Amino acid sequence: MLHLKLGRVGCLLTRRAMVALTDSGARLSTHGHHEVSDQLDMSQPIYSDRPDTPLPDRPWKDVLDATDKSLKQKEKGPWSALSKEEKIALYRLKFNHTYPEMKRPSQEWKTVIGGMFFVFGFTGLVVFWQGLYVYPPQPPTFGEDWQAKQVQRMLDMRINPIEGFSAKWDYEKKQWK
Amino acid sequence: MVRERRDLYSLPDAPLASRCYSHSKVETDEEFDARWVTYFSKPDIDAWELKKGMNTLIGYDLVPEPKIVDSALRACRRLNDLASAIRILEAVKDKSGPHKDIYPYLIQELKPTLTELGISTPEELGMDKL
């Protein structure tokens, strides 16, 4: 039973990793037929937006409609004949995110810190409840009375009379120095 | 006989520290640049070779010289691939990291090629902003 569950978690993690690498949008649009599962086909070249890999294994948009195809034809001619919008369109056909877009900061840290504090708070509640319902009653040695008698006994025994405990007690004036 | 501590300093020197360099010749910067310019200058370079070259080059701990980028941009022209040309410019800008003066220098050196081939920089297309 257990190993079955672990296997599913593993599959989930690899799936999340793969989805994190690519966007599912256009990838699915390249398939003509309906897929039973949206599992990534690892035998095909995969698109990825990575700063260390400027030119991924395949273009972002595979399936080109008529306008895209005509633009690609125009690309074969002089590029100075292309307008700015056409150049941007050609870029967006081949790539999903620009470098600034792929390097944009995420807000994930807020979730992380928030989650941390939530866990601290919850733990605090658990610890408090423990103190109330789990701990056994305190030993009598903690009581005020007992502690006072204990201190008196220690002074009578002259515990650490030179540098420590009893050294701090003034035996004449019967008070702490 | 036990040697006194003092005596240890008078022991003969240990053999001079030997360096473990490999015996192959170290490539100079010029040789490196020339090799890459030649790579991208292949007249019938294909898309895969362009991809492989660029991805490898970007993997190195350096910003490619303008002449290498120039060669790569011309390869994009031969492949009718404007998008990759713009991507290459983005990539070398990214490689400069915190050194903000490298990319403007690169663009300045590449201006003739960019004009000749009709390549717009990401800045001209407004793609350098989010």
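The values are calculated or read from the model by the stated rules, or taken from the named source; none is laboratory data. Values in this document were obtained by computation on a predicted structure and should not be read as measured data. Note that each Cβ is placed from the backbone with ideal geometry, even for glycine, and that neighbours are counted across all protein chains shown. Quick note on the areas: whole protein, heavy atoms, side chains included, nothing else; ligands and nucleic acids left out. Shrake-Rupley method; radii C 1.70, N 1.55, O 1.52, S 1.80 Å.
Semi-axis lengths, largest first, of the ellipsoid equivalent to the stretch A:46-177 are 83, 20, 11 Å, with √(5λ) applied to each eigenvalue of the Cα gyration tensor.
Cross-linked pairs A:LYS103/B:LYS100; A:LYS76/B:LYS51; A:LYS72/A:LYS103; A:LYS72/B:LYS93; A:LYS72/B:LYS95; A:LYS84/B:LYS93: Cα-Cα separations exceed 23 Å for A:LYS72/A:LYS103; A:LYS72/B:LYS93; A:LYS72/B:LYS95. The distance between label points at A:ALA167 and B:GLU116 comes to 8.8 nm (points 7 Å beyond Cα on the Cα→Cβ vector).
When accessible surface is computed with a 1.4 Å probe, chains B and A are found to bury approximately 2600 Å² between them, both chains counted.
For the stretch A:49-93, report the translational diffusion coefficient in µm²/s to the nearest whole number, using Stokes-Einstein at 20 °C, 1.002 mPa s, and a Kirkwood Rh over Cα pairs. Before the final figure, lay out each step's value.
Details: Rh = 11.7 Å.
Here the translational diffusion coefficient equals 183 µm²/s.
Bridging of A:LYS177 to lysines at a Cα separation below 16 Å is possible for A:LYS168, once same-chain residues fewer than 8 apart are set aside.
Computing the accessible area with a 1.4 Å probe over protein heavy atoms, can you report the carbon and sulfur percentage for the stretch A:57-105? Of the solvent-accessible surface of the stretch A:57-105, carbon and sulfur hold 56 percent.
These residues, B:ASP46, A:ASP57, B:ASP94, go from largest to smallest accessible area, 1.4 Å probe, as A:ASP57, B:ASP46, B:ASP94. For the stretch B:16-130, the relative contact order comes to 24 percent (Cα pairs under 8 Å, sequence separation of at least 6). Roll a 1.4 angstrom probe over the protein heavy atoms and tell me the percent of accessible area of the stretch B:62-106 that is carbon or sulfur. Here carbon and sulfur together make up 58 percent of the probe-accessible area.
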